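Worksheet: one structure, shown below.
Please treat every number below as a calculation from the coordinates, not as lab data. Bear in mind the structure is a predicted one, so any value in this text is a computation, not a measurement. Don't worry about glycine lacking a Cβ; one is built from the backbone with ideal geometry, like all the others, and counts go over all protein chains shown.
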Amino acid sequence: MCVLVVQDSYYKDLHNNLPVILTEMGAASELELEQRNDFPLSRTMAGINPSARDYRASFNATESVLTFRRSDSSGAQQVDYISDAV
């Protein structure tokens with residue numbers, strides 16, 4: 001299982017939908033999106049930057065929690081172990 005927390009972003013006035021981009025990248029790496037939870041944010045770092053107002057009027061963003069699971073085409077369950085050994 002893999003859990004990522006990502007926030008959509010903008011380059012000038014172009015919206016970069018990072019949750020969608022990472023979901024597509026995960027699918028290409030045999031990771032299936034199990035769940036996505038979105039949380040709207042009203043305060044962002046872009047809102048602090050006075051120069052950013054030249055490109056956008058709104059500074060709202062969405063933070064997303066993406067939960068992936070490795071797809072296993074053989075049908076067998078794969079388990080990864082992390083060792084505590086030093």
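Determine the sum of side-chain charges near Cys2: Lys and Arg each +1, Asp and Glu each -1, restricted to other residues whose C-beta is under 10 angstrom from that of Cys2. Walk me through the numbers on the way to the answer.
Details: positive: Arg69, Arg70; negative: Glu34.
Summing Lys and Arg as +1 and Asp and Glu as -1 gives +1.
Given the peptides 64-70, 10-16, arrange them by the average over their residues of other C-beta atoms within 10 Å, most packed first. Spell out each step's value before the answer.
Values: 64-70: 17.3, 10-16: 10.3.
Per-residue Cβ counts within 10 Å, averaged per peptide and sorted highest first, yield 64-70, 10-16.
Within 10 Å of each candidate Cβ there may be at most 15 other Cβ atoms; applying that plus a DSSP loop requirement, which GluC sites (Glu not before Pro) in the stretch 1-34 survive?
Details: sites: Glu24, Glu30, Glu32, Glu34; in loops: Glu30.
Listed in order of number, the matching sites are Glu30.
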